[in-house]
Amino acid sequence: MDNKKIADLIFPNLTLKPEDILVRYPKRQLKEGQVVTRFAPSPTGLMHIGNFFQAFISYNLAKNTDGILFLRIEDTDNKRELKEAKEVIYTILKRFNITFDEYQTLDGKDIGNYGPYVQSQRVEIYKAFAKRLVEEGKAFPCFCKKTEGKDDVLEQRKTKFAEDDEKEYDPCRDLSYEEVKCHIDNGESFAIRLKTKNSGSERIKFYDLIKGELEAKANAKDFVLLKSDGLPPYAFAHAIDDTLMGTTVAVRGEEYISSTPAHLELFEALGFEPIKYCHNPLICKLGENGNRRKISKRKDPEANMMYYFEQGYPIDSVLEYLLNMINSGFEIWRKNNPDKPWQEFKFGLSDITAVAPMFDLVKLNDISKNVIARMSGEELYKAWLDYAKEYDKPLAEILEKDSEKFIKLCKMDRENTPKPRKDIYNYAMMKENFDYIFSMPERFELDEQDKDKANEFLSEYLRTFKMPTSNEEWFENVKLLAGKLGYATDNKLYKNQPEKYKGNTAKVCEFIRVAITGRKSSPTLFTIMDILGETEVKARLAHNQP
RNA sequence: GGCCUUAUGGUCAAGCGGUUAAGACGCAGCCCUCUCACGGCUGAAUCAGGGGUUCGAUUCCCCUUAAGGCUACCA
């Protein structure tokens, strides 16, 4: 037959057969309910939050079913591949503790029995299946000029077909052996296309683990299986790899729903059992025009997973936020289980929201505040130090040199209290919020009209200053002195007759606070004094004298 | 244009035919208070529009509208 001859003509030296491949990939022995899934990123040089979202869903899915998660690098698009891109993916996944049962190491060693786990190392496999499809008349070589966009395609086809033809079949689909040979002898390059069996009127039903029953027009396109460079586009590689590697559930973005009918036809043509799909929503942002748009790596820094490291967000903050986005059941669970690690939360795929959620930095910050509030002082210190070591070396040196002071700062309002501070959502904020702990403040927020009163009070306060040992003792002493100097120590009295006093205790505390921290607001003053130590406190009080 | 998906407060969302339509973030006010933060309380704010089905629709069906996705030898 022509088909067999054509196949041998276009794949002259290919002896590998699908049967030989199939035996190398035995069916996985799985227990009931065990899921095999994968994360399959393209190495583009950065990890997009949308990709990471999928990795995270897959990870949880495998974890919750005691299943298997593998990593497959989809590097079949030569134009886009970057050398370090793979490394970026590995680094970020590792830092977020997304671990894989099977993958290829950076130096090219496959861990697991279903490799290679990098698509560019699997071209022989794709070719073997493509050849078989050609032999069976289910695919054909196409010598058309390469097109790179919708318009090109339409133009090319318009010249070949009648206007009213629904089916977008390809001009090369019925070439004879002689015609193919002629093209080949001319040295023309070719792609392999599927010869679709559909006419454009068929419907197809399929099931999505998140969205449920879905129905669509069946595929009626002779889409490309092997590009002229010999590498497969997504669809073909997906069908072959996920079958050989024993994937049971493919987690992928919503944008693939439309091409699912094509993938299903491909599975059938290859004689494969279809796998289950789980199309997760895309993450959006509020656009300038008020509409939602896909979160973009160019416009939105938070689309790049590196952003969260750079800002010093705890990884659990990001993960919990993602979990929260996937499924609001998490929020309720978290409320009922405030101290448990998020890993104990189990979600089902059907709980995943069907709508593209809007990325909300404010919400992330709120979650992060709670995550940090759950840390002990030591944990916070260590995390802050690690952050500084990576992004702020001078800071790291200071933190280490004066570790006792900064551990104290980290413990502030955090341990032994049912209501811990929740004012920090990333490590970068520590330095900003507590700049006055590092050195004498440079600016003082005191109001002009308070200056004389402040100086009067502060000089007396400094003269009689005794380093307090408890908050109560400290406050009693302040009140005592305030009363002596004509300030109200009872707020009710002050409110009734403010004209009788120079001010109230709050005012007096403001003087001290501004002298010590430069600001009108800070944590409780005793705590700050305790962190700074007697010498520094006295120095600051003195510094503030006229 | 065609096909697909989606539609509850500003945002994230519970809800599966009968509810005073949960909750969280944010916002406003009050309380606590040495100021922040925390915590407590209160408040404003939602079922896209129109038709059906039904004794009754936020919930089921249809249409419209809007948004998003796909429509490549990108994934």
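Coordinate-derived values only; no laboratory data. Remember, it's a predicted structure, so these values are computed and weren't measured experimentally. In this analysis, Cβ positions are derived from the backbone assuming ideal geometry, glycine residues included, and neighbour counts consider all displayed protein chains.
At-a-glance table
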read-out: Between helix A:505-517 and chain A: long-axis angle, C-alpha atoms, 0 to 90°, nearest 10; value: 60 degrees
read-out: Diffusion constant of chain A at 25 °C, which comes from Stokes-Einstein with the Kirkwood Cα-pair radius and 0.890 mPa s, µm²/s; value: 86 µm²/s
read-out: J(HN,Hα) series, segment A:325-333, from Karplus relation 6.51 cos²θ - 1.76 cosθ + 1.60, nearest Hz, glycine and proline x; value: 6, 5, 6, 6, x, 4, 4, 5, 4
read-out: Exposure proxy order (Cβ contacts within 10 Å, fewest to most) of A:464, A:524, A:76; value: A:464, A:524, A:76
read-out: Rounded, prolate or oblate (a/c below 1.5 giving rounded, otherwise prolate when a/b exceeds b/c) for segment A:345-408 by Cα gyration tensor; value: prolate
read-out: Of A:419/A:466; A:145/A:181; A:4/A:131, those spanning more than 20 Å from alpha-carbon to alpha-carbon; value: A:419/A:466
read-out: Förster-model FRET efficiency, 35 Å R0, residue A:354 and residue A:29, C-beta, rounded to 0.05; value: 0.55
read-out: Orphan Cys of chain A, criterion: no other Cys C-beta under 4.7 Å; value: A:144, A:182, A:278, A:284, A:410, A:509
read-out: Using θ = phi - 60° and Karplus 6.51 cos²θ - 1.76 cosθ + 1.60, couplings along segment A:239-252 (whole Hz; Gly, Pro as x); value: 4, 6, 5, 5, 6, 4, 7, x, 4, 9, 10, 9, 8, 8
read-out: Gain in span if fully extended, residue A:124 to residue A:8, counting 0.36 nm per residue against the direct Cα distance; value: 40.3 nm
read-out: Least to most buried among A:344, A:302 (fewest other Cβ within 10 Å first); value: A:344, A:302
read-out: Inter-part distance where segment A:384-421 and segment A:481-512 are each reduced to a Cα centre, Å; value: 35 Å
read-out: Convex hull projection area averaged over all views, segment A:301-373, Cα basis, nm²; value: 5.1 nm²
read-out: Two-decimal Rg to Rh for segment A:430-519 - Kirkwood Rh, Cα set; value: 0.99
read-out: Relative packing of peptides A:387-397, A:21-31 - highest average C-beta neighbours within 10 Å first; value: A:387-397, A:21-31
read-out: Length-normalised contact order of segment A:448-543 in % [C-alpha pairs under 8 Å, at least 6 apart]; value: 29 percent
read-out: Residues listed by number, segment A:257-285, amide nitrogen under 17 Å from residue A:328 label point at 7 Å toward C-beta; value: A:281, A:284
read-out: Percent RCO, i.e. relative contact order, over chain A, from Cα pairs under 8 Å lying at least 6 residues apart; value: 11 percent
read-out: Linear extension gain, residue A:475 paired with residue A:445, 0.36 nm per residue minus alpha-carbon span; value: 8.6 nm
read-out: Spin-label pair residue A:205/residue A:217, simplified geometry with 7 Å Cα→Cβ offset, distance in nm; value: 2.1 nm
read-out: Theoretical FRET efficiency, 1/(1+(r/R0)^6), r = Cβ-Cβ of residue A:500 and residue A:296, R0 56 Å, to 0.05; value: 0.35
read-out: Value of [θ]222 nm, deg cm²/dmol, for chain A, DSSP H segments ≥ 4, -39500 (n - 2.57) each, nearest 500; value: -13000 deg cm²/dmol
read-out: Set A:109/A:221; A:86/A:411; A:299/A:369 screened for pairs whose C-alpha atoms are more than 31 Å apart; value: A:109/A:221; A:86/A:411
read-out: Among A:142, A:29, A:194 - extreme Cα towards positive end, dipole of chain A, charges at beta-carbon; value: A:29
read-out: Mean-position separation - Cα centroids, segment A:102-140 and segment A:46-61, in angstrom; value: 23 Å
read-out: Gain upon complete extension [residue A:272, residue A:493; 0.36 nm per residue less C-alpha separation]; value: 71.1 nm
read-out: Neighbourhood charge, 14 Å Cβ-Cβ cut-off, centred on residue A:252 and excluding it, Lys, Arg +1 and Asp, Glu -1; value: -2
read-out: Whether segment A:8-94 is rounded, prolate or oblate, judged on the alpha carbon gyration tensor where a/c under 1.5 counts as rounded; value: oblate
read-out: Nitroxide proxy distance, nm - points 7 Å out along Cα→Cβ at residue A:397 and residue A:335; value: 4.9 nm
read-out: Estimated FRET transfer efficiency (residue A:538, residue A:419; beta-carbon r; R0 22 Å; 0.05); value: 0.10
read-out: Zone residues, segment A:46-69, relative to residue A:91, backbone N less than 17 Å from point 7 Å out along Cα-to-Cβ; value: A:46-49, A:52
